[in-house]
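The values are calculated or read from the model by the stated rules, or taken from the named source; none is laboratory data. Given the structure is predicted, the values throughout are model-derived calculations rather than measurements. Note that each Cβ is placed from the backbone with ideal geometry, even for glycine, and that neighbours are counted across all protein chains shown. Just so you know, the surface numbers come from the protein's heavy atoms only, side chains and all, with ligands and any DNA or RNA stripped out. Shrake-Rupley method; radii C 1.70, N 1.55, O 1.52, S 1.80 Å.
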Amino acid sequence: MTEGKTSFDPRSIATAPIVGLNATKTVLEYQASVLKLWAENCELMARNYEKGLEAFSSATGQHREAA
């Protein structure tokens, strides 16, 4: 009668953390790219807001001078 011996392959045990770290690295790279995109959009929105505010200020200033 043969016993159900399970032999562990050390290579498969050693590669499991590597696979997990590679998956984590990919997720972190994706999150970093999304964060960078979000930050660029925030900067663009701030610049557009400042341009609009400057245009509004100059328009109100010209209106006051005309009055």
(request) Report the GluC sites (Glu not before Pro) located in segment 1-63 that are in a DSSP loop and have at most 12 other Cβ atoms inside 10 Å of their Cβ, or state none. (result) 3
(message) Which residue, 7, 20, 38, has the largest displacement toward the positive end of the dipole of the chain when charges sit on each Cβ (Lys, Arg +1; Asp, Glu -1)?
(response) 7
(request) Note down the magnitude of the dipole of segment 1-66 about its Cα centre, charges +1 on Lys and Arg C-beta and -1 on Asp and Glu C-beta and zero elsewhere, to the nearest 20 debye. (result) 140
(request) Of the listed values (1) 22, 12, 9; (2) 67, 8, 4; (3) 27, 11, 10, grab the one calculated as semi-axes √(5λ) of the Cα gyration tensor in Å from the structure here. (result) (2)
(request) Could you go through segment 7-13 in sequence order and give the Karplus-derived ³J(HN,Hα) for each residue, using 6.51 cos²θ - 1.76 cosθ + 1.60 with θ = phi - 60°, rounded to whole Hz, and x for Gly and Pro? (result) 9, 8, 7, x, 5, 6, 5
(request) Return the loop-located trypsin sites (Lys or Arg not before Pro) in segment 1-60 (DSSP other than H, G, I, E, B) with at most 10 other Cβ atoms within 10 Å of their own Cβ; answer none if there are none. (result) 5
(request) For segment 38-45, just list the computed ³J(HN,Hα) in residue order, Karplus coefficients 6.51, -1.76 and 1.60, θ = phi - 60°, integers in Hz, with x standing in for Gly and Pro. (result) 4, 5, 5, 5, 5, 5, 5, 5
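Quick one: accessible area per residue over the chain, 1.4 Å probe, rounded to a whole number of Å²?
99
Return the calculated 222 nm mean residue ellipticity for the chain, to the nearest 500 deg cm²/dmol, obtained by summing -39500 (n - 2.57) across DSSP H runs with n ≥ 4 and dividing by the residue count.
Numbers: 1 runs with 57 residues, N = 67.
Result for the chain: -32000 deg cm²/dmol, rounded to the nearest 500.
Over the chain, with every protein chain in place, what whole percent of the accessible area is carbon and sulfur at 1.4 Å, could you tell me? Walk me through the numbers on the way to the answer.
On the way: 4210 of 6610 Å².
Answer for the chain: carbon and sulfur cover 64 percent of the accessible area.
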(request) Go through segment 27-33 residue by residue and turn each phi into a ³J(HN,Hα) via Karplus (6.51, -1.76, 1.60, θ = phi - 60°); whole Hz please, and just put x for glycine and proline. (result) 5, 5, 5, 5, 4, 5, 5
